[in-house]
1. When you look at residue A:457, is it farther than 29 Å from residue A:496 by Cα and of a type outside the set (A, V, I, L, M, F, W, C), yes or no?
2. Kindly establish whether residue A:1 is of a type outside the set (Gly, Ala, Ser), more than 7 Å from chain B (Cβ to nearest Cβ) and closer than 27 Å to residue B:82 by Cβ.
3. Suppose the filter is more than 13 Å from chain A (Cβ to nearest Cβ), outside any strand (DSSP E or B) and modelled with pLDDT under 95; does residue B:54 pass it?
4. For region B:102-125, check the following and say yes or no: at least one residue is within 26 Å of residue A:488 (Cα to Cα) and part of a helix (DSSP H, G or I).
5. Filtering region A:573-615 down to residues that are of a type in the set (S, T, N, Q) and modelled with pLDDT of 95 or more, which residue is farthest from residue A:540 (Cα to Cα)?
6. So which residues in region B:66-86 are touching a Gly at 6+ places or on another chain (Cβ under 9 Å) and in a strand (DSSP E or B), if there are any at all?
7. Pull up region A:674-696, narrow it to residues that are surrounded by fewer than 22 Cβ atoms within 10 Å (Cβ to Cβ) and on the phi < 0 side of the Ramachandran plot, then point me to the one that is farthest from the other protein chains (Cβ to nearest Cβ).
8. Of everything in region A:549-579 that's touching a helix residue (DSSP H, G or I) at 6+ places or on another chain (Cβ under 7 Å) and among the small types (Gly, Ala, Ser), which residue is nearest to residue A:465 (Cα to Cα)?
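The values are calculated or read from the model by the stated rules, or taken from the named source; none is laboratory data. The model shown is predicted, which means the values in this text are computed figures rather than measured ones. A quick note on method: Cβ atoms are made from the backbone with ideal geometry, for glycine too, and the neighbour counts reach across all protein chains shown.
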Amino acid sequence: MPKIGEIKEVTWENKPATRYVGKYVDDMDSPAMVTGKMEYVADIQLPGMLYVKIKRSTACHANIKRVDTSAAKSLSGVIAVLTAEDIGYMKVFGDEPIMAWEKTRFYGEPIAMVVAETEEIAENALDLITVEYEELTPVFDPEDAASLTPPAIVHEPKLVHSELEDERPNLILKTQVRKGDLEKGFAESDVIIENVYYSPYITHAFIEPCVSVADYTGGELKIWESSQTSFSVHHPTIAAAVDMPVDKVRFLTPSKVGGGFGGKNMPQAGLFAAWAAKVTGRPVKCEFTREGSHLCVSRPSWRIYMKDGVTNDGVIKARQITVYCGGGSYCRFNFDLARKSATMPVGDYDYENYSWDCYLSYTNDQPMLSLRSFSIQEIAHAVESQMDILAKKLGMDLIEFRRKNFLPEGEINALNEIQGGVNTIECLERVANDIGWSTPKASTGGSWKRGRGLAAGNMYCSAGVTKPLAMVRLTGSGNVEVITSVSDMGQGALTTMAMIAADALNIPLERVKALPIDTQISTYTGSAFGSQQAFHAGGAVFEACKDAKKQLFDNAAPLLNSKPEDLETKDGQVYVKGAPENAIPWGQLMLGSSPVLIGTGEIFVPCDWYDVETGQAIPDEEGNMWYRRYALYGHNAQACEVDVNTDTGEVKIVKMAHCMDNRPINLAATDGQLIGGMAQFGLGVAMMEEQTHDKGRYLNLTFLDYKMLTSLDLPGPSNVFVDYAPHKGPQTMGIHIPTNEGPFHAGRGSGEIPMVPSLALLENAIEDAIGVRITEVPVTPARVLKALGKA
Amino acid sequence: MSESKTNKVSRRGFVKGAVAGLVVGAAATYGVTTLTETKPITPTMQPLEKAPVNGKTVAYTLNGSPVTLFVQPNWTLLDVIRKEIGLTGTKKSCDYGECGACSVLVNGKLMLACMMLAIEADGKEITTIEGLGKDGGLHPLQESFIRNKAFQCGFCTPGMIIAAKALKDEIPNPSEDEIRRAISGNLCRCGEYARAVKAIQEA
């Protein structure tokens, strides 16, 4: 029973020996982080810096009749006040203006920006700006929004178009999956169960607010932003937003970002800082308030209809899922959200007859961004609740029922993907064992009732077709710099890259530095979304090290009277295998007068396109077929023990356990991802998080009223378990994945999967405790009492 | 609604009224109306002097060293530590006293620097995260946080370590429950509470 904080070893057949990979390694920034010396973007102070503050709308759907900034402009110390009229209709991702254009579509949309000598003056000036609105009817419910005749149309004319059913006025994207004959499946079923699941808007609530610093000199813009997608999203988006060529914009992110969770996937403060710097010619800082940081990003609401038909012996004959998602007022990455959400229900289980319909629509809510698992948690809420309900209804063991409907290794799922390297069932068995599933429950007494639950999950850890390229720079003194576009917002991703390079080049970790993002030198390895960095960037780094080694060995072979394949390197020296006494330092192998040697490495990560009508993976234009809509998936399971008070509705977590089928690269980091993610974005979201509003006006925009998990809401470390079930080999599918090689043994991204099972998990455990099923999160005391018929 | 505090009367909004009155109407307009050209606009105004209106010179003992500086009555201790003194280990996350990221010790007591005005701390002894270690070394709590991997993004870490220091000064060997209570005001969105509890226990 591996508890959090205890050192454990993850092992499997033919596990290679390593110096770092697969062990507990401190984050390279650790000393700076505990002493306050770590520099985050908000800590950057430039001489003569101005401050930017944002005026936000107080109407959720309205025509903007007039914006009066004259009083603000005349305030002493105010340098500039800009509105949409000043910067023009600059759109981000197709439909979102930087500041509201003619219309405001959510409460909190930026209306104007003030640039002033001090933060105080900028705040004072905001109060002097007046805005006149002509209010319009809003739409919030995801199902109303998807209607052919919705109560409000958010964008007229429509700026983005759906592949299917585009005649629905607010529809952003409809996706569907079809397999078999649903009617026939239901006819063959003994038991049919229907339920509706709901999860509300929530917000990312990263502890470091959205912040950016910008400096515009000599026609060039240098800009820092607290960002997780610097290279692929922020840099080009900001350049376009201020109408500058990308090569005149230099984007930097420190080696730590104070939390992102998906919410820093696009520029926020950076858009305003860039404009302010360009207009004033002076360095500027734009730091959103806590409210501003909550208003600019969120996760959408989901209503999910599930209908399952099952035989008495536990075989699911038909499963029908209809999903409505309220996607907020602007599109951003919503397309991808609707597409990826289809992968969850078919990642573990097999269905003879299956259908999936997902309607993603505009609403007058804040615009969304992916939030740690990008819809997969919300879908799993419905799927893993249904699995629990069905098993209990049939009187079957919870794991046995899942095993019975599990898609076997090598078989094709409903999306025409091949199942490979999956070990969900062992994950379930391990977490059940961790919380003592087979032992009697301790008595609780009074109105406290104890219950246990478990749930499984799966999630892609690769976000689409890509060709990441990394560089390693070996110096004559035997040190290495790793150059990628990896973002580190707490996952320890840069340390992971350094560990891969240290093992691949066989040198001490202290000699390796993985550089943070600076678009003047970084190479493209994707960004911190889709749990992909370990696989995509890590693979490219491994290839780059192989290239560097090849160059070293080619250069060394004649000097050692040997062949390159007979050489080996250790601690910055090259020698013939078995003869380390005749070693040549790297410095002497760098040709000419160059003090450095550069290795580059690229990998190709493919995935299939899909048939719009059936959702099935189909070959690309060149006829390539990978049987994968996404290249790599991870699988996991969680269990918990809870106490529920039938008088007050309170829920307490007594024990929690998480197991993933993974071969982790840095156990220190993955243990933290698995438990921290399950705690804060899993059980915390399940128990308490909801962004509430009154006719569109948000009511809980601060930490005082937006409740999130604290140290009191979790059990102590002796009741928190984290484990790994080694998977049954890498999922190659004909794809060359370098991280399957050597010491890298197919590590899978673990940033997002930790929250996938948790919503269903909590509801499953609560039902075990008090005998009633809750299908809406957050499971607040009020909802528990209502379910018990007491409120 | 503005980015300033809207849902409630804020401490700063309350204080700033008096100060704003002094500067309104004092100068010309620097607003920009048309910005189609890319040429930067050079501001003509000089930075505001820190006029000694209602201000006060205060003296602190900060991390063991004496500091004297001039502060305005509406400046928070947090902004003074970060901007005027330049110690940025104390973090600003909510600025409302809700997250604990700005925790410091004032005369040995745990305080939220965003909820304390800089003038209130006059004559007091202030300890920030930068002042914990002795002679350039790490404090046992800092060492234990590293050893136990008790953080991810690190933004809440300085505040949490300061809260743990306040606890340990009062109760040298706290129980698990006492630790959980002591850091319950320090929000960690990465969810590293379990390992933080262990780190504090083992420090």
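1. Numbers: farther than 29 Å from residue A:496 by Cα: no; of a type outside the set (A, V, I, L, M, F, W, C): yes.
In short, no.
2. On the way: of a type outside the set (Gly, Ala, Ser): yes; more than 7 Å from chain B (Cβ to nearest Cβ): yes; closer than 27 Å to residue B:82 by Cβ: no.
No, not satisfied.
3. On the way: more than 13 Å from chain A (Cβ to nearest Cβ): yes; outside any strand (DSSP E or B): yes; modelled with pLDDT under 95: yes.
Considered against the rule, which asks whether it is more than 13 Å from chain A (Cβ to nearest Cβ), outside any strand (DSSP E or B) and modelled with pLDDT under 95, residue B:54 comes out as yes.
4. The first filter runs over region B:102-125 and keeps only residues within 26 Å of residue A:488 (Cα to Cα), leaving B:102-103.
Imposing the further condition that a residue be part of a helix (DSSP H, G or I) reduces the set to none.
The answer is no, given that none of the residues of region B:102-125 is within 26 Å of residue A:488 (Cα to Cα) and part of a helix (DSSP H, G or I).
5. Start the filter on region A:573-615 by keeping residues that are of a type in the set (S, T, N, Q), which leaves A:573, A:582, A:588, A:593-594, A:600, A:614.
Those still in the list that are modelled with pLDDT of 95 or more too: A:573, A:582, A:600, A:614.
Details: A:573: 23, A:582: 31, A:600: 8, A:614: 34 Å.
In this case the residue turns out to be A:614.
6. B:70, B:71
7. Here the residue is A:690.
8. A:572
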